[in-house]
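The values are calculated or read from the model by the stated rules, or taken from the named source; none is laboratory data. Every value quoted in this text rests on a predicted model; they were computed, and no experiment measured them. All Cβ positions, even for glycine, are placed from backbone atoms using ideal geometry, and neighbour counts span all protein chains on display. Only protein heavy atoms, including side chains, enter the accessible area calculation; ligands, DNA and RNA are left aside. Shrake-Rupley method; radii C 1.70, N 1.55, O 1.52, S 1.80 Å.
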Amino acid sequence: MSMGIQLSKEAFTKHILQQPVLDTHTHLVGDRLTAKDFWEIAHYFWLFRELQAAGYPANAMELPEDLRIDAFLEAYHGTRNTLMNIAFTHIFQDLYGIVIRDKASVLEADRAVKQSAQRAEWAQDVADRMQARRFVVNIPEHAEFQGMRQNAILIPRIDGKLGPWVKEIESSNDPAAAFAQTRLKLAQLLDAYKEDGIKGIMTTLPSYAASANRKVVIGQGSTKDEILMMLLHEIGAAAEQRGLLLQLFLGVERSWCGTATPVNDPARILKLSALFEAYACPFELVVASELNNLDIVQAAWNFPNVHVGGHWWFNFRASTYRDSMQYRLEALPAIKSSLIVSDARCMEWSYGKIIVIKRLVGEFLWNQIEAGWINQATAVQIAEDWLYRSAAKRYGVEQ
């Protein structure tokens with residue numbers, strides 16, 4: 001955009017909605033990218049949680065369809081204020097031209113989704129509607145996107161290996177030897193990824209009492225947290241040697257009860273900071289806990305190789321987006337920050353969440369323009385970086 005062009009608020013918002021995006025974390029599956037029926041969209045985990053809070057039964061799919069629709073409509077109308085309800089409403093209004101009001105509209109929506117699921121080009125059509133250029137998946141078998149112009153970007157997740165490695169080392173009669181063997185397994189794994197042209201790896205992390213600035217020799221009596229932290233040192237060193245990105249997804253805990261919960265740990269990022277200092281590989285930090293939004297910005301400000309990612313799990317709320325965009329705007333070049341994490345299991349939900357994020361970006365940047373902090377050209381450049389260019393640069397995507 002030219003420095004001299006001045007758009008109205010409506011035109012500016014439209015311009016932001018038309019910006020390309022890169023969805024940096026999804027659960028999309030390449031051979032079933034779209035929803036098969038209305039209920040696959042309606043029962044998406046995050047909306048389902050909110051519907052349950054309004055009285056929707058957990059066993060809804062076991063109910064006769066008439067009773068299920070009645071229960072859904074009551075909960076849907078009771079959650080009209082929630083962000084996931086707003087995203088869901090956008091999905092059906094924008095993609096299908098349907099307003100969910102009553103039983104007839106639900107049945108119409110179900111027919112429409114079943115029809116779209118039969119269209120080979122539907123996934124690409126939805127992606128084009130939201131200007132989504134690329135999507136990231138973490139499972140190799142999911143990366144071949146059928147019916148789309150490009151396959152997914154694969155960033156394999158290694159938490160399925162990391163946890164068992166920690167347990168194996170802790171329970172070994174010779175933890176030092178087990179640790180050395182694990183180092184070899186890690187090297188072989190990352191060598192294979194590098195040979196396949198993969199740009200980085202991803203892992204979630206549980207809570208940890210150990211800190212990266214206290215290196216220990218693994219042996220008898222080493223705790224799980226010490227083993228985990230020393231394995232993270234090995235991962236950092238191996239990633240640096242191979243030029244790989246390391247994505248860390250933090251802030252969801254499963255140890256307190258049977259349900260995943262967000263935990264705001266003020267020392268979570270601090271405990272990892274010695275890794276950022278020691279290893280020159282790029283780190284991308286994605287958090288699910290509200291208070292860590294500022295911590296990851298501080299880390300990215302302190303360490304040139306640290307980047308901040310999108311909002312994950314319980315962090316996907318308008319309030320957290322507004323706060324974190326303010327932190328990022330003030331402290332970081334926009335090219336160090338990505339905003340898009342849909343966590344979607346079907347293309348329709350990627351659409352719903354991305355439209356919400358774009359609306360929030362447009363609203364936030366317009367307020368900054370009106371306050372005189374930035375001009376419109378700068379605002380557009382920030383949006384382009386936050387929505388697409390930052391991630392595209394990190395993942396080595398052709399622009």
Under 6 Å between Cβ atoms, at least 6 apart or on separate chains: pull out the pairs that start in the stretch 252-281 with a residue that is over 16 Å from Glu240 (Cα atoms) and end on any residue that is open to solvent by less than 70 Å² (accessible area, probe 1.4 Å) and among the acidic types (Asp, Glu). Thr261/Glu253; Val263/Glu253; Ile269/Asp295
Please note which helices (runs of 4 or more DSSP H) are completely contained in the stretch 297-399 and include at least 3 residues that are closer than 30 Å to Thr34 by Cβ and modelled with pLDDT of 95 or more. 318-331, 347-370, 390-394
Looking at the structure I just gave you, is Arg328 open to solvent by 20 Å² or more (accessible area, probe 1.4 Å) and of a type in the set (D, E, K, R)? no
So in the stretch 134-185, with the set limited to residues that are among the aliphatic types (A, V, I, L, M) and farther than 22 Å from Thr26 by Cβ, which one is surrounded by the most Cβ atoms within 10 Å (Cβ to Cβ)? Ile169
Every residue from the stretch 116-133 that is polar (S, T, N, Q) and more than 17 Å from Asp31 (Cα to Cα): Gln131
Among (1) more than 22 Å from Ser342 (Cα to Cα); (2) out of contact with any His (no Cβ under 8 Å at 6 or more places or on another chain); (3) in contact (Cβ under 8 Å) with a residue 12 or more places away in the chain; (4) open to solvent by 40 Å² or more (accessible area, probe 1.4 Å), there is one condition Ile98 misses while meeting the rest; what is its number? (4)
Selection within the stretch 266-296 - farther than 23 Å from Glu226 by Cβ, open to solvent by 10 Å² or more (accessible area, probe 1.4 Å) and of a type outside the set (D, E, K, R): Ala280, Pro282, Leu291, Leu294
Considering Ala176, Ala192, which residue is without any contact (Cβ under 8 Å) to a residue 12 or more places away in the chain, part of a helix (DSSP H, G or I) and among the aliphatic types (A, V, I, L, M)? Ala192
